[in-house]
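Below is one structure; the comments refer to it alone.
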Amino acid sequence: MSDDRPEPATELASVALKLADDYIADAVDPSISLAALRLEDLPIIARWLDRPHVMRWWGDPEEELTQIAAHLVEPNIAPFLACEGSRPIGYMHVYHANPDTYWAGHQLPQQTFGIDLFLGETDVVGRGMGTRLIQLVLRRLLALPETARIQVDPAPANAAAIRAYEKAGFQRRGPIDTPDGAALYMTIDREG
């Protein structure tokens, strides 16, 4: 157990933000990008959700697709299509944790953002692509002066995800129970 896990909140966060970018790319790693997810992208997401390597960690494809479609209009979640060059290879969403129903029950620094992702194309799995995409979104989020923390909560058995998050700079904070089940709480906190 770690003292760094989120504690129950004493009050709810009142600020609601959504990462408003339509496109995220930078000169550090110009071959990858994140493009705002569109309704017409959902068939490719559905195809990926049916793949065993995604389904293992993301669950029922129909339920997940419904949730991802809802992210298109939710006020605190920004869904993205991850691309290598012009080729879609995966999915990522960035959420503002403070107003989220589950996370509002924990004491988080104001302006805590979380990310979730999966690689849909099997030929990019195991090539460091997850780490590169995580680093891309971290550079974007940490460029926002108000960002205090970025968090992730992979399944404790998802060694590949945990390894990718650690390579990107996340620190293990301890086990937590989430609405999706047991998870490992990991964070990057802004210094000072």
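The values are calculated or read from the model by the stated rules, or taken from the named source; none is laboratory data. This is a predicted model, so every value here is computed, not measured. In this analysis, Cβ positions are derived from the backbone assuming ideal geometry, glycine residues included, and neighbour counts consider all displayed protein chains. Keep in mind that these areas ignore ligands, DNA and RNA; they rest on the heavy atoms of the full protein, side chains included. Shrake-Rupley method; radii C 1.70, N 1.55, O 1.52, S 1.80 Å.
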Residue under question is Arg172, and the condition is that it be at pLDDT below 95 and farther than 20 Å from Asp100 by Cα; does it hold?
no
Taking the conditions exactly as written (small (Gly, Ala, Ser), surrounded by 18 or more Cβ atoms within 10 Å (Cβ to Cβ) and closer than 16 Å to Gly120 by Cβ), does Ser33 satisfy them or not?
yes
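Only residues that are surrounded by 17 or more Cβ atoms within 10 Å (Cβ to Cβ) and either in contact (Cβ under 8 Å) with a residue 60 or more places away in the chain or under 16 Å from the mean Cα position of the chain (by Cα) (or both): list them for region 50-68, please. Break it down into steps so the answer makes sense when it comes.
Within region 50-68, the first condition is being surrounded by 17 or more Cβ atoms within 10 Å (Cβ to Cβ), and the residues that meet it are 51, 54, 58, 61, 64-65, 68.
Arg51, Val54, Trp58, Glu64, Leu65, Ile68, listed by residue number.
What strands (runs of 3 or more DSSP E), lying completely within region 87-192, carry at least 3 residues that are under 16 Å from the mean Cα position of the chain (by Cα) and surrounded by 17 or more Cβ atoms within 10 Å (Cβ to Cβ)?
Details: elements: 87-96, 112-119, 149-152, 171-178, 181-189.
Result: 87-96, 112-119, 149-152, 181-189.
Quick check on His93: is it in contact with a Pro (Cβ under 8 Å, 6 or more places away or on another chain) and modelled with pLDDT of 95 or more?
Working: in contact with a Pro (Cβ under 8 Å, 6 or more places away or on another chain): yes; modelled with pLDDT of 95 or more: yes.
Against the criterion (in contact with a Pro (Cβ under 8 Å, 6 or more places away or on another chain) and modelled with pLDDT of 95 or more), His93 qualifies.
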Return the pair list, or none, for Cβ contacts closer than 6 Å from residues in region 97-110 that are under 19 Å from Asp177 (Cβ atoms) to residues that are open to solvent by 40 Å² or more (accessible area, probe 1.4 Å) and at pLDDT 90 or above, at least 6 apart or on different chains.
Tyr102/Pro179
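Name every residue in region 26-56 that is of a type in the set (A, V, I, L, M) and either farther than 17 Å from Met129 by Cα or touching a Cys at 6+ places or on another chain (Cβ under 9 Å) (or both), in order of residue number. It would help to see each step written out before you state the result.
Kept after step one, since they are of a type in the set (A, V, I, L, M), are these residues of region 26-56: 27-28, 32, 34-37, 39, 42, 44-46, 49, 54-55.
The answer is Ile32, Leu34, Ala35, Ala36, Leu37, Leu39, Leu42, Ile44, Ile45, Ala46, Leu49, Met55.
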